[in-house]
Amino acid sequence: MTRTLAEVILSRVSGRDVRAGDLVIVPVSRVMVHDSVIDAVIAGLRDLGREQVWDTSKVCVFVDHAAPAPTPVVADSHRVLREWVREQRIPTFYDAGEGVCHQIMVEEGYCEPGTVIVGSDSHSNSYGAVGAFGAGMGATDIAVALALGRTWLRVPESIKVDFTGRLRKGVTMKDAIMRVVREIGTDGARYACVEFHGVGDLPQGDRITLAGMTTEMGAKAGIVVGTPEAPAWLHPDGDARYMREVTIDLTTLEPQIAVPPRVDQVVDVSAAIGQPVDIVFLGSCTNGRLVDMQQAAKVLRGRRIAPHVRLEVVPSSRRQFDLAMQDGTMQTLSAAGAVIGSSGCGPCLGRTGGVLAAQEICLSTANRNYKGRMGSPDASIFIGSPYVAAVAALTGVIDDPRPYLEATDAEFDELVARRRSERPERGAASSRSGDRSRELVMASARSGPSQEIDD
């Protein structure tokens, strides 16, 4: 049969055998819409002469991109969205504070493996974490899907990414996907489907990180092969033909850093050691889950972030927030000096929750670092893993997290002190209220809930 996973899925849902390059009209199992495009989507439905969506049970609506509303204009748009949801009688609606659309779509089970799901956001590729063909579309195409319950696609070519070996301590699947972006480039997978092999048994969160960041390579979809959710038929043929194959050895992988202003301008962390940062962002649909916060807490437990640095933590969903509260992770991050934001996109796209000023330097765990992404076009954004983010928040500079994870307490404190002393003077030291009870904070944090992270 020689079919890739994209060809398998699109053949099944279209009811005919299709290959890369064919045009198909396919039913969609779900349509996702969020607040940033709702006005254009409603206008599109109106232009089509449709007052009602085709199936209210298959529509998911979210307020997450600029939430809570940062301006009166955005608040008015949210009001229009809420009125539309009520008038349409759409039961699946997540208002501000519930979380990022992609995280909730996967964790709440709205993504059926082997089906086509379209969303009004480019990172709808994330639904490939559970074996769905997820694709982002513009407002007009989303309006058509809402009106008709189907969409048209050109069957994509496919790229095979094969992961071998096992990650070492301090290296994560965020580093792995950044290495893939480094190999393929931001345009190397244009309108392709990226298949990930050898990692189907990873935790769901890691798979969301992989599938979601295929968007940064220009991909139409990204799908993890062999996930626990996938039915028996959902697999590519052994002799499937790919436009390109890439192998990543996880055993030899180093922590990775994307250097501004390109997400494919990726280097080993050793090439960026000592780079000063002003603000660290831990969150987004890429790295705002419990395990990401746990990894940061493992570095920060019992310590305070550098006085010239700000740390913003935004859980990717209320469920992830609650889990981090239950095991003490959130308390550890707060005690370290983090600002905790309501679950959602936060500052990832520069619309709310701590946008960047001109000349500021950010270390972000999100997925994009082009000029103006998180605020001022004169700001700079480096991208790294939660471990790298936590070390940057603690020291004020980018550094390899592995020595910190292996160090004794004394060695750890010496590393931090040295890096802080080497950091160029930037910004002003913050007087944080928690500093007045530093000893109590440290004692509480070090004796509080602790959990080993499976690297």
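Considering every residue within segment 162-179, establish whether at least one is open to solvent by 30 Å² or more (accessible area, probe 1.4 Å), touching a strand residue (DSSP E or B) at 6+ places or on another chain (Cβ under 9 Å), closer than 23 Å to PRO261 by Cβ and at pLDDT 95 or above. Steps first, answer last, please.
Here is the first cut: in segment 162-179, the residues open to solvent by 30 Å² or more (accessible area, probe 1.4 Å) are 162, 164-169, 179.
Pick out the ones that are also touching a strand residue (DSSP E or B) at 6+ places or on another chain (Cβ under 9 Å) and you get 162, 164-165, 179.
Narrowing further to those that are closer than 23 Å to PRO261 by Cβ: 179.
Retained after the next criterion (residues that are at pLDDT 95 or above): 179.
Scanning segment 162-179 turns up at least one residue that is open to solvent by 30 Å² or more (accessible area, probe 1.4 Å), touching a strand residue (DSSP E or B) at 6+ places or on another chain (Cβ under 9 Å), closer than 23 Å to PRO261 by Cβ and at pLDDT 95 or above.
What are the residues in segment 342-353 that are crowded, with 24+ Cβ neighbours inside 10 Å and in a loop (DSSP other than H, G, I, E, B), if any?
Hits for segment 342-353 are GLY344, CYS345.
Quick check on this structure: which one of SER376, SER385 is open to solvent by less than 10 Å² (accessible area, probe 1.4 Å) and among the polar types (S, T, N, Q)?
Step by step, each of SER376, SER385 is checked, and only SER385 is open to solvent by less than 10 Å² (accessible area, probe 1.4 Å) and among the polar types (S, T, N, Q).
With respect to VAL74, determine if the residue is in a helix (DSSP H, G or I), over 22 Å from ALA366 (Cα atoms) and open to solvent by 40 Å² or more (accessible area, probe 1.4 Å).
no
Go through the residues of segment 197-210 one by one and say whether even a single one is within 21 Å of ARG19 (Cβ to Cβ) and either hydrophobic (A, V, I, L, M, F, W, C) or free of Cβ contacts under 8 Å to residues at least 60 places away in the same chain (or both).
Among the residues of segment 197-210, at least one is within 21 Å of ARG19 (Cβ to Cβ) and either hydrophobic (A, V, I, L, M, F, W, C) or free of Cβ contacts under 8 Å to residues at least 60 places away in the same chain (or both), which makes the answer yes.
Checking the condition more than 17 Å from GLN275 (Cα to Cα) and touching a Leu at 6+ places or on another chain (Cβ under 9 Å), which residue from ALA410, ALA393, ALA366 passes? Break it down into steps so the answer makes sense when it comes.
Values: ALA410 fails: touching a Leu at 6+ places or on another chain (Cβ under 9 Å); ALA393 fails: more than 17 Å from GLN275 (Cα to Cα).
Every option except ALA366 fails the conditions.
May I ask you to list pairs of residues, at least six apart or on different chains, whose Cβ atoms are under 6 Å apart, with the first in segment 5-19 being of a type in the set (A, V, I, L, M, F, W, C) and the second being part of a loop (DSSP other than H, G, I, E, B)?
The qualifying pairs are LEU5/PRO236; ALA6/PRO156; ILE9/GLY114; LEU10/VAL18; LEU10/VAL155; VAL18/VAL155.
Just to be sure, is VAL118 buried (at least 21 other Cβ atoms within 10 Å of the Cβ) and closer than 18 Å to ASP55 by Cα? Please lay out each step first, then the result.
Working: buried (at least 21 other Cβ atoms within 10 Å of the Cβ): yes; closer than 18 Å to ASP55 by Cα: yes.
Yes: the conditions hold for VAL118.
From the list VAL31, VAL59, VAL24, which one is open to solvent by less than 40 Å² (accessible area, probe 1.4 Å) and closer than 30 Å to GLY375 by Cα? It would help to see each step written out before you state the result.
Working: VAL59 fails: closer than 30 Å to GLY375 by Cα; VAL24 fails: closer than 30 Å to GLY375 by Cα.
Exactly one of VAL31, VAL59, VAL24 is open to solvent by less than 40 Å² (accessible area, probe 1.4 Å) and closer than 30 Å to GLY375 by Cα, namely VAL31.
Do you know which of the residues in segment 1-39 that are in a loop (DSSP other than H, G, I, E, B) and of a type in the set (S, T, N, Q) is nearest to VAL224 (Cα to Cα)? So that I can check it myself, show each step before the final result.
The initial filter retains those residues of segment 1-39 that are in a loop (DSSP other than H, G, I, E, B), namely 1-4, 15-22, 28-29.
Filter once more, so that each one left must be of a type in the set (S, T, N, Q): 2, 4, 29.
Working: THR2: 18, THR4: 12, SER29: 19 Å.
Taking the candidates together, the pick is THR4.
Regarding THR365, is this residue crowded, with 24+ Cβ neighbours inside 10 Å, of a type in the set (S, T, N, Q) and more than 25 Å from THR215 (Cα to Cα)?
Considered against the rule, which asks whether it is crowded, with 24+ Cβ neighbours inside 10 Å, of a type in the set (S, T, N, Q) and more than 25 Å from THR215 (Cα to Cα), THR365 comes out as no.
Could you say which residue among GLN320, GLN275 is farther than 22 Å from HIS65 by Cβ, at pLDDT 95 or above and open to solvent by 10 Å² or more (accessible area, probe 1.4 Å)?
Numbers: GLN320 fails: farther than 22 Å from HIS65 by Cβ.
Among GLN320, GLN275, only GLN275 is farther than 22 Å from HIS65 by Cβ, at pLDDT 95 or above and open to solvent by 10 Å² or more (accessible area, probe 1.4 Å).
In segment 131-158, what residues are open to solvent by 30 Å² or more (accessible area, probe 1.4 Å) and not in a loop (DSSP other than H, G, I, E, B)?
THR140, ASP141, VAL144, LEU148, ARG150, TRP152, ARG154
Looking at segment 40-56, which of its residues are touching a residue at least 60 places away in the same chain (Cβ under 8 Å), open to solvent by 50 Å² or more (accessible area, probe 1.4 Å) and part of a loop (DSSP other than H, G, I, E, B)?
LEU48, ARG50, TRP54
Going by the conditions given, is GLU87 over 21 Å from GLY346 (Cα atoms) and either more than 22 Å from the chain's Cα centre (by Cα) or crowded, with 24+ Cβ neighbours inside 10 Å (or both)?
Answer is yes for this residue.
Need the failing condition index for SER380 against (1) within 26 Å of LEU167 (Cα to Cα); (2) modelled with pLDDT of 95 or more; (3) not charged (D, E, K, R), just the number.
Exception for SER380: condition (1).
Quick one: count up the residues across segment 107-130 that are touching a His at 6+ places or on another chain (Cβ under 9 Å) and not in a helix (DSSP H, G or I).
Looking only at that region, the number is 3.
Within segment 295-313, restricting attention to residues that are small (Gly, Ala, Ser) and not in a helix (DSSP H, G or I), which residue is modelled with the lowest pLDDT?
Taking segment 295-313 first, the residues small (Gly, Ala, Ser) are 296-297, 302, 306.
Checking the rest, the ones that are also not in a helix (DSSP H, G or I) come to 302, 306.
Numbers: GLY302: 92, ALA306: 96.
Filtering segment 295-313 for residues that are small (Gly, Ala, Ser) and not in a helix (DSSP H, G or I), the one modelled with the lowest pLDDT comes out as GLY302.
Tally the residues that are in a helix (DSSP H, G or I) and of a type in the set (Val, Ile, Thr), restricting the search to segment 314-329.
Adding up the residues that qualify gives 1.
List pairs: first residue in segment 290-312 and in contact (Cβ under 8 Å) with a residue 12 or more places away in the chain and closer than 9 Å to THR332 by Cα, second residue in a helix (DSSP H, G or I) and of a type in the set (A, V, I, L, M) anywhere in the structure, Cβ distance under 6 angstrom, at least six positions apart or on different chains.
ALA297/LEU333; LEU300/ALA390; ARG301/ALA445; GLY302/MET442; GLY302/ALA445
Could you pull out the residue among GLN326, GLN320 that is of a type in the set (S, T, N, Q), within 21 Å of GLU98 (Cα to Cα) and free of Cβ contacts under 8 Å to residues at least 24 places away in the same chain?
Exactly one of GLN326, GLN320 is of a type in the set (S, T, N, Q), within 21 Å of GLU98 (Cα to Cα) and free of Cβ contacts under 8 Å to residues at least 24 places away in the same chain, namely GLN326.
Just to verify a result, which residue in segment 388-430, among those that are open to solvent by less than 60 Å² (accessible area, probe 1.4 Å) and of a type in the set (Ser, Thr, Tyr), is farthest from THR172 (Cα to Cα)?
Across segment 388-430, the extreme among qualifying residues is SER430.
The values are calculated or read from the model by the stated rules, or taken from the named source; none is laboratory data. Keep in mind that what you see is a predicted model, and the values were worked out from it rather than measured. Cβ sites come from the backbone with ideal geometry, for glycine too, and all protein chains shown count toward neighbours. The protein model used for the area step is the full one, side chains on, heavy atoms only, and it has no ligands, DNA or RNA in it. Shrake-Rupley method; radii C 1.70, N 1.55, O 1.52, S 1.80 Å.
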